[in-house]
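Just so you know, all these numbers are worked out from the coordinates, no wet-lab data involved. Predicted model, so just to flag it, every value in this text is computed and none were measured. No Cβ is skipped: glycine too gets one built from the backbone with ideal geometry, and neighbour counts run over all protein chains shown.
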Ligand SMILES: Nc1ncnc2c1ncn2[C@@H]1O[C@H](COP(=O)(O)OP(=O)(O)OP(=O)(O)O)[C@@H](O)[C@H]1O
Ligand SMILES: [Mg+2]
């Protein structure tokens, strides 16, 4: 059985996209992924890969750096992709509608620390750590407390 935290070494953007697609396939409305890590770590690459894996018809998936939120319609769920780096105040997440979306949509959130303690406790946290020696390698740590993720991420136990 897989346990939190679980660490993976992803040696290329393609490896990260593959993990994102596998995680994407187990996501349901009400699931939230918090994407942690420094600038350029791979948070948007991961979120974009999740979104593209779930879209029926491929479309542009821009970084929500300036819009803060981008939403997508898929067959089974609405997806909210947020980048809170430029959030001016933690209260702004209510105005964005993100707090409501945590219950109804699949949410992928970059820079979650900007919303303080409002991050949902049932979220999966995916942390990206660049490797100082290998440009395309990321150490990725998956953390959760909600047992639903132990079931959803069970596919990693076979790797
Ligand atoms: N193993 C890897 N996993 C993910 N991205 C990688 C990997 N190796 C190289 N990269 C590259 O690193 C870059 C990550 O950029 P990305 O915009 O995803 O970072 P970010 O964490 O969203 O940064 P920001 O905090 O500015 O939003 C991309 O150009 C991606 O191709
Ligand atoms: Mg980003």
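Data overview
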| item | result |
| --- | --- |
| Test for residue 102: is it more than 15 Å from ligand 2 (Cβ to nearest atom), assigned to a helix (DSSP H, G or I) and touching a helix residue (DSSP H, G or I) at 6+ places or on another chain (Cβ under 8 Å) | no |
| Selection within segment 132-159 - closer than 20 Å to residue 34 by Cβ and in contact with a strand residue (DSSP E or B) (Cβ under 7 Å, 6 or more places away or on another chain) | 138, 139, 140, 141, 142, 143, 144, 149, 153, 156 |
| Residues of segment 128-144 that turn out to be within 16 Å of the chain's Cα centre (by Cα) and either exposed (fewer than 14 other Cβ atoms within 10 Å of the Cβ) or in a loop (DSSP other than H, G, I, E, B) (or both), as a count | 1 |
| Contacts under 7 angstrom Cβ, first residue in segment 39-65 being in contact (Cβ under 8 Å) with a residue 60 or more places away in the chain, partner buried (at least 19 other Cβ atoms within 10 Å of the Cβ) and assigned to a loop (DSSP other than H, G, I, E, B), 6 or more apart | 43/37 |
